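Worksheet for the structure shown next.
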Amino acid sequence: MAAVAPNAFTNPYTRHRPEKNLLYRTVQTYWSLFLKEQSRLGKSIPHFIRDEFEDYLKCGIPEFGIVRTYCHHCRHSGVVAFSCKRRGFCPSCCARRMNDEAAHLVDQVLPKVAYRQWVISFPYKLRFLMAYNPNLTNKILSIFIQTINSYQKKKAKRYGIRNSKLGSVTFIQRFGSALNLNVHFHSLFADGVFYKLEEEYKFFQLHPPTKEELFLLTTKIQSKVIKLVENLGVDENEQNQSEFNESLLGDISKMSIGQKAGFGERAGNALRRYGIHKIEVDPEDNDPYSVNVEGFSLNARVLIVKNDRKKLEKLIRYMARGPVATERLMESFPNSLVYRLKTPWRDGTKEVGFSHLDFIARLVALIPPAKVNMVRYFGVFAPNFKDRKKIVTKPKPDKPSMEEAVSTSDLLLDKKIKRERMRWSEMLKRVFKIDVTICPKCQGRLEQIAVIKDKVVIRAILKSLNEVSVFVAMEAIDWRGPPTVDEYSQEPSKDDFW
């Protein structure tokens, strides 16, 4: 078998080792201490949160399952570890989901028209109410989408366009730049309307919104949402009880939203901030595409022109990104973590610091409830729109070579099969220019030869390949909280005096 010439635009794959990064080491060391502290306080943790953390500790660790690769030319053997496929905070799986969603939208959904990103965030109290109430979140999202749709349709009528159709894709994000709980919406709207002319749909781009229009839209959304909350009778104290029986989520949500510590010597106080200095001018006052009405902040600054597909894909990656950026997480002395913000806050804060247990609590608050869809399609991009095939992008399949040609029966069967998401190897090649199918030794072709789950067999293979994971333990600091009432009532033993 002849070796394949290396591609100048791709690099060979090397296995990343998550057990060496600070995020993994922190979770591995302090997750058990966090459980111990909550058990001491008599608080339980939902199963979907426990599963998230336990599966993350197995993600990328070959001892829990591998795919065996082999090069028939030079007999080079390699392994690819299983992933957890979770959507809470795992950087690897969140990045994979982010790139897959962006590629899917750009290649197979979004037509070549202009797009505008609309971002809306909410006051602190409303963020808490939305955190674990999917019904309330859905209704507020519906108000937001319908308000923007109504605005665009009325604007299109001024140009004589009636019965117009709109389309949008919304990403529900639960995190802020400081890993705080902040439920808000990133919506990608077609910056115009679709209208039917004979049997085809045409697109008409609208003028950008003015400052006055944004203010009126935000005021309308605010009044409708406040009326909705009053009609539903949603209460702070009953919020978590309606969906879960654990009061832990409510306490952690309040700490995360309020930027306060819950453990250690700073329990109940604000988190440490670094780089604070006074800023006299409010950035939103000078931004013509951003307004704030009593905590309801609406932004429509980002516009993607018609043919800039690379910038569109980059924007979607930003909208679908995960909460934790490992390169911004640092260890600080004495025994604390520092997280660098992407952009400074209005008061000049560039970094925030918290204890290890507070960091775990932050991750707990960011995990979305089970069976809640975080990506929503509306209008002409929704799967149930009857004329969707006339608007969405139609991907052109590459012409197969003689060797790759398939029979007619295979083609008919392929049409019946639902679209398969982008494979991991294709995603690495598209995003990072890494080709996992190229042998790092001879540049030949690597093939998958086995999927192994037996731990005894895995241990032997890893030892022969010198791929054994090396875990670097952290020195755990047990931030024991104040004693409970029951602990005060107990009589001290002899061991308590030594």
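So the values come out like this:
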| item | result |
| --- | --- |
| Options K112, K139, K125: the member that is in contact with a helix residue (DSSP H, G or I) (Cβ under 9 Å, 6 or more places away or on another chain), assigned to a loop (DSSP other than H, G, I, E, B) and not aliphatic (A, V, I, L, M) | K112 |
| Residue within the range 55-71 that is in a helix (DSSP H, G or I), more than 30 Å from I438 (Cβ to Cβ) and either outside the structural domain of I461 (by TED's automatic domain parsing) or not charged (D, E, K, R) (or both) present | no |
| Residue in the range 341-360 that is at pLDDT 90 or above, of a type outside the set (D, E, K, R) and in contact with an Asp or Glu (Cβ under 6 Å, 6 or more places away or on another chain) present | no |
| Residue in the range 168-179 that is in the same structural domain as N292 (by TED's automatic domain parsing), within 21 Å of N307 (Cβ to Cβ) and touching a residue at least 24 places away in the same chain (Cβ under 8 Å) present | yes |
| Condition met for F53 (under 25 Å from V456 (Cα atoms), surrounded by 18 or more Cβ atoms within 10 Å (Cβ to Cβ) and modelled with pLDDT of 90 or more) | yes |
| Residue check for R174: of a type outside the set (A, V, I, L, M, F, W, C), on the phi < 0 side of the Ramachandran plot and touching a Pro at 6+ places or on another chain (Cβ under 9 Å) | yes |
| Every pair of residues 6+ apart whose Cβ atoms lie under 7 Å, when the first sits in the range 308-326 and is farther than 25 Å from L366 by Cβ while the second is assigned to a helix (DSSP H, G or I) | R309/V106; L312/V106 |
| K196 basic (K, R) and touching a Leu at 6+ places or on another chain (Cβ under 9 Å) | no |
| Residue list for the range 87-133, restricted to those being aromatic (F, W, Y), surrounded by fewer than 21 Cβ atoms within 10 Å (Cβ to Cβ) and in contact with a Leu (Cβ under 7 Å, 6 or more places away or on another chain) | none |
| Positions within the range 211-253 being of a type in the set (S, T, N, Q), at pLDDT below 55 and not in a loop (DSSP other than H, G, I, E, B), in sequence order | Q239, N240, Q241, S242 |
| Failed item, numbered, when I148 is tested on (1) surrounded by 21 or more Cβ atoms within 10 Å (Cβ to Cβ); (2) free of Cβ contacts under 8 Å to residues at least 12 places away in the same chain | (2) |
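Yes or no, residue by residue, for (1) farther than 30 Å from V229 by Cα; (2) of a type in the set (A, V, I, L, M); (3) at pLDDT 90 or above:
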position: H104; (1), (2), (3): yes, no, yes
position: A114; (1), (2), (3): yes, yes, yes
position: V119; (1), (2), (3): no, yes, yes
position: L129; (1), (2), (3): no, yes, yes
position: K139; (1), (2), (3): no, no, yes
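The values are calculated or read from the model by the stated rules, or taken from the named source; none is laboratory data. Quick caveat, the model's predicted, so the values are computed rather than measured. Using ideal geometry, Cβ is built from the backbone for each residue, glycine included, and neighbour counts are taken over all protein chains shown.
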